[in-house]
Amino acid sequence: MSIEVGSKLEGKVTGITNFGAFVELPNGSTGLVHISEVADNYVKDINDHFKVGDMVEVKVMNVGADGKIGLSIRKAKPESEQRPERPQRPQRPRQGGRPAPDRPENFEQKMAKFMKDSEERLSTLKRATESKRGGRGASRG
């Protein structure tokens, strides 16, 4: 029995680590269920979901050239039990005068914007400093 990507199999949990669980498949090979593939919600401790010796249904996600088998428990569930994917929100235009990500600025535009912002900041700082000293050229006395 060969392992094919996309097939659903019944396996036995043979080991648990902090990053996932090793599952022995019917043909005797072992695959890894990464902790992110255990459940649809956040999994802090994999031991809360199963223990060594449990039988689990897994879906083969990938088979590496080196023989490593990637498995998923959450994708092995029937479609009705799976959490629906979040729809992508439409991108809003950025605030603050930044260009949209689809139209990158060239170097000259970036440099011109930097110089303008820099001059504005310097003039604001200069005004604030001079007002604390008593204004422009005001004599003390």
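Details
- 5 angstrom amide H check on Ile16, placed H, neighbours 5+ away: Phe22
- Rolling a 1.4 Å probe over the heavy atoms of the protein chains gives the stretch 1-68 an accessible area of 61 Å² per residue.
- Of all lysines in the structure, the ones whose alpha carbon falls short of 28 Å from that of Lys68, not counting any fewer than 8 places away in one chain, are Lys8, Lys12, Lys44, Lys51, Lys59, Lys77.
- Vicinal HN-Hα couplings computed from phi for the stretch 34-49 (Karplus, 6.51 cos²θ - 1.76 cosθ + 1.60; Hz; Gly/Pro x): 5, 4, 6, 9, 7, 9, 6, 9, 5, 10, 7, 10, 5, 5, 6, 9
- Scanning residues 5 or more positions from Asp54 or on other chains, those with amide H under 5 Å from its amide H are Val13, with H placed 1.01 Å from N in the peptide plane.
- Extension gain, Asp66-Arg127: 0.36 nm per intervening residue step, less the Cα-Cα distance, totals 15.3 nm.
The values are calculated or read from the model by the stated rules, or taken from the named source; none is laboratory data. Not measured: the values here are computed from a predicted model. Surface accessibility is based on the protein's heavy atoms, side chains included, excluding ligands, DNA and RNA. Shrake-Rupley method; radii C 1.70, N 1.55, O 1.52, S 1.80 Å.
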